[in-house]
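Peer 1: Before we start, here is the structure in question, set down as C-alpha cells.
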Amino acid sequence: MSISFFGLDTAISGLSANQKALEVVGHNVANLGTPGFSRQSAVMASSATRIYGNWRVEMGVDIQQIRQIRHTFNDNIYRTESNNLGYWETRSKAITDLESILGEPMQKGLQVVLNNFWDAFQELSKAPESLTVRALVKQRADTLVNYINQVGNQINKLQDDLNAEIKARIDEVNDITEKIAALNVKIMSAEAAGNLPNDYYDQRNQLCDRLSKLIKIETWETRDGSMDILVDGYFLVSKGEQKRLVAAPNDALSSFYTPMLEYFGEDIPIDVGQGIIKGLLEARGEVNGAKGSYDNGSPNVTGDITIAVDISNTSTDYLANIKANISTLVDDLKSRGIDYNLRLVTFGGDEPVSNKNFGKNADALIAAIPDIPAAGTTNNFTDVINAVKSNNYADGVNKYLFVFTGESINGDGEVTADSTISDYIATLNKNGISVSVATNPAYHTGGDTGEKGWNIIAEKTGGKLYSIDAGTDFDSLMKSISYDINSDINKKIASVPDNLNIISSVRKQLNALINIMAREINRLHLSGKTLNGGDGGIFFEPIEPNLPIELGNIKINDALRDLNNIAASTTDANGDNEIALSIAKLRNSNLITSNGKVLSLDTFYQNIIMDLGNKGYEASTMTESYSNLVTQADAIRQSVMGVSLDEEMTNMIKYKFAYNANAKVIDVVNQMLETIMFRMGAR
C-alpha cells in the first residue's frame, strides 16, 4: 500500500526543485544592476534511488547546488588591464596638473616672463643711465622672481597633495584587505556547513577588482573557500589573517611616504608593482623629501676641492705661482656662486703625505704650501688616493681633486702597471672623485717608457688636463679651473637621472635653469659698476640663505631698491653698457650641458616643456588604450557572469512549466488516491 505514494514524492521533489530554481531566477533579476554581481544557476540532478525490499524507487530531482557563473581567467585579464589603467591614469593626471601650473605653451608661462626680463636689460643697454629704464628692469625682475616663487609653491603643494594621496591609498589597501580577510572567515564557515555563499564570493571579487587597480596582486583560491592575496611575494591576506601596509618615510628626515609591509613588528620595503600607488609614487617622485633634497631637485652647487701639490719634482717658482694664484681660483668660485670647501694634500717628498681641510680659509691653505721643493720620492699617487678617499665629505657634495705635478703618474722611475692604474680609477670612481691634472704636456699621454699618461685617469674620472710649462699664465690657469668646476656643476644639476619620476625631474631641470641663470647674472653684475661708481653687488639672492637659489627661494637683492645700484657698465663712464648688454645676451648663451648637448637658457627651458608634453601625450595615449582594454575585458567577463534578462525569462518560463507539470502530477496522484480511498471505504 505504501508504494502507491512514491509517485507523489517524485512530483513533490520536482515542485520543490523548480520553486527553488524560480527563486534563483528572481534573485538574478533583482540584482541586474548590482555592481560585481555574478549570475547564479540552479544545478539539478536526479535524486538517489531508494530500495524498498525488491523495489527500486526513483525519488525525482534534487537541487545539487546553486552555482555562481564566473570565469577566473576573465577576472585575471580584467585585473591586469585595470592595474595598468590605474597606473597610466595617475601619471596622466599628474602631468596635466603640472602643465596647468607651468602654463605652457598656450598660456603666459615662465617663457613670457623671462622674455620680458631679458628685454628689459636690452633696453637698459640702450640707455644705461636712465632711471626710468632701471625701474623697468627692477619691475621685470620682481615679476620674474614672484612668478618663479609662485610656480615653486604650486609645485610643492602638488607634491604634498600627491604624497597625502599615497597615504590615503595605502590606507584604502588596508581597508580592502581587512574586509577580504573577514569575508574569508565567513566563506570558510559557510562552506564547512555545506553551503555556497555566492554573495560573499561576489563581495570578495569586487574588493579584489578595486585592489588590483591600486597595486599589483596575485590571488589564490584555496580548497576551504578562502582567498590568499600576495604582493611582491608577500601575503597581504591569508585565510582570516591580514598583513598591513604602512606609509613610512622613505629616508631619514624625509617627509615623503613609501609603502612598506608591517612584517613581524618590522617595516620592510615592498614593490607594489604598477597601479595607482606606483603612479602616485612616480608622479610625486621616488626621492628624498627632506628640505633641500638634491634628489628632489635642489641644485647641488657644492664643490669639495682638494688641491694636491707635488712638492718633490717642482721648482720654487712653480710653488710660488700656485701660492700666488690660489686666491684667483677662490675669488672666481665665489663670483660664480659655488659653495666651495678647500683641502690641501702635499706629496712627493720623503715626509708623509699631508692632508688638511681648510674649509673656506684660502689664506691658511696658501700658507700651508711649502715655499721650496722637498727632497725624495718616497710617496706617490697611491698615497694621494688613500688620503683623499679617507676624507669625511658632506653628503652629496661634488668632489674634485686637482693634481699639480711635474712628473708622470707615480714619478718614481718605474712603470706603473695598467692594472694599478685601473685600480686607481676604480677607487676614485667608487668614491665619486673627479681628477684633473696640471702638469707638463709631455706627461699628458705618456709617462715613463711604456707607461700611460695622466689623460687616462682624467678621462675615466670626468676630469681635465691642464698644461704647465715655462710660459704658463697661472692666473688664467686658475680661472680655467674655476670655469671647468662651474661647468661640471652646471652639467650635473641640469642632468636628470634615467627614471620615470615626473615632478621631481621637472623640478630639478627648472631649478637648474633658475640657479644657473641667477649665478651667471650675479657673476656679471658683480663685475660691473653702479651708477654712483661703486662695485656692483649680487643681483639675485636666496630667501633662505642656507638653501641654494631655486624655485620658491629667490629674491632681488635688497640693495637694488636703490635703482642707482643696478650695474649696467664695467666703468662709470657715460654710455658704458657692457654689463647690461652681457646680461641681455645670456638668454642665447650656451650655458647648460644636458643629454650631451650644449644649450642656451631659452632652449633648455623649451626642451623641458617639450619633454613634459611628450610624457603627457604618452600617458594620455596609454590611458585611452588601457581604458579600451579594460572595457573590452569587462565586456567579455560580463558576457559570462552578467545577468541577461532574455536568458532569465527563458529560464523562468522553463521552470514555471516544470513547476506546473509537477503540480499537475500531484493533482492527478491525489485524485487517484482519493478515488481508491473512497471506493475502498464504500466497500
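The values are calculated or read from the model by the stated rules, or taken from the named source; none is laboratory data. Quick caveat: nothing in here was measured; it's all calculated off a predicted structure. With ligands, DNA and RNA removed, areas are computed over all heavy atoms of the protein, side chains included. Shrake-Rupley method; radii C 1.70, N 1.55, O 1.52, S 1.80 Å.
Peer 1: Which percent of the accessible area of the chain is formed by carbon and sulfur heavy atoms (probe 1.4 angstrom)?
Peer 2: Values: 16130 of 32070 Å².
Heavy-atom surface of the chain belonging to carbon and sulfur, 1.4 Å probe: 50 percent.
Peer 1: Rounded to the nearest 10 degrees, what's the angle between the helix 503-526 long axis and the longest principal axis of the chain, both from Cα atoms, 0 to 90?
Peer 2: Once rounded, the angle reads 20 degrees.
Peer 1: If you fit an axis through the alpha-carbon atoms of helix 474-494 and take the longest principal axis of the Cα set of the chain, what angle between them do you get, 0 to 90°, nearest 10?
Peer 2: For helix 474-494, the angle is close to 10 degrees.
Peer 1: A further question follows. Rounded to the nearest 500 deg cm²/dmol, what is the calculated helix-only ellipticity per residue at 222 nm for the chain, with -39500 (n - 2.57) per DSSP H run of length n ≥ 4?
Peer 2: -18000 deg cm²/dmol
Peer 1: Provide the gained length on full extension for the span Ser644 to Gln19, in nm with one decimal, where the gain is 0.36 nm per separating residue minus the Cα-Cα distance.
Peer 2: Net length gain for the segment: 223.0 nm.
Peer 1: Still on this structure, please answer the following. Any idea what diffusion coefficient the stretch 210-311 gets from Stokes-Einstein, in µm²/s, Kirkwood Rh on alpha carbon pairs, 25 °C, 0.890 mPa s?
Peer 2: Rounded, D is 149 µm²/s.
Peer 1: From the gyration tensor of the Cα coordinates in the stretch 438-564, what semi-axes in whole Å does the equivalent ellipsoid have, largest first, with each one equal to sqrt(5λ)?
Peer 2: Rounded to whole Å, the semi-axes are 37, 25, 7.
Peer 1: While we're here: Rounded if a/c is under 1.5, else prolate if a/b is larger than b/c, else oblate: which is the stretch 349-394, with a ≥ b ≥ c the root eigenvalues of its Cα gyration tensor?
Peer 2: oblate
Peer 1: Further question: Rounded to a whole number, what is D in µm²/s for the stretch 55-95 from Stokes-Einstein with the Kirkwood radius over alpha-carbon pairs (25 °C, 0.890 mPa s)?
Peer 2: Numbers: Rh = 14.6 Å.
Approximately 168 µm²/s, per Stokes-Einstein.
Peer 1: Further question: Relative to the longest principal axis of the chain, what angle (0 to 90°, nearest 10) does the C-alpha long axis of helix 131-192 take?
Peer 2: So the inclination is approximately 30 degrees.
Peer 1: Let me ask another. So, how do all the Cα-to-Cα distances of the stretch 109-260 break down into 10 Å bins, in percent, from 0 on up?
Peer 2: For the stretch 109-260, the binned pair fractions read 10, 25, 16, 12, 11, 10, 8, 5, 2, 0 percent.
Peer 1: Sequence neighbours fewer than 8 away in the same chain don't count; with that in mind, list the lysines whose C-alpha is under 30 Å from Lys167.
Peer 2: The qualifying lysines are Lys93, Lys157, Lys179, Lys186, Lys213, Lys216, Lys239, Lys243, Lys278, Lys291, Lys508, Lys615.
Peer 1: Accessible area per residue, 1.4 Å probe, Å², for the chain: what's the number? Mind dumping the intermediate values first?
Peer 2: Numbers: 32070 Å² over 683 residues.
Spelled out: the 1.4 Å probe surface of the chain, per residue, equals 47 Å².
Peer 1: Work out the P(r) tail for the chain: percent of alpha carbon pairs separated by more than 47 Å, whole number.
Peer 2: 46 percent
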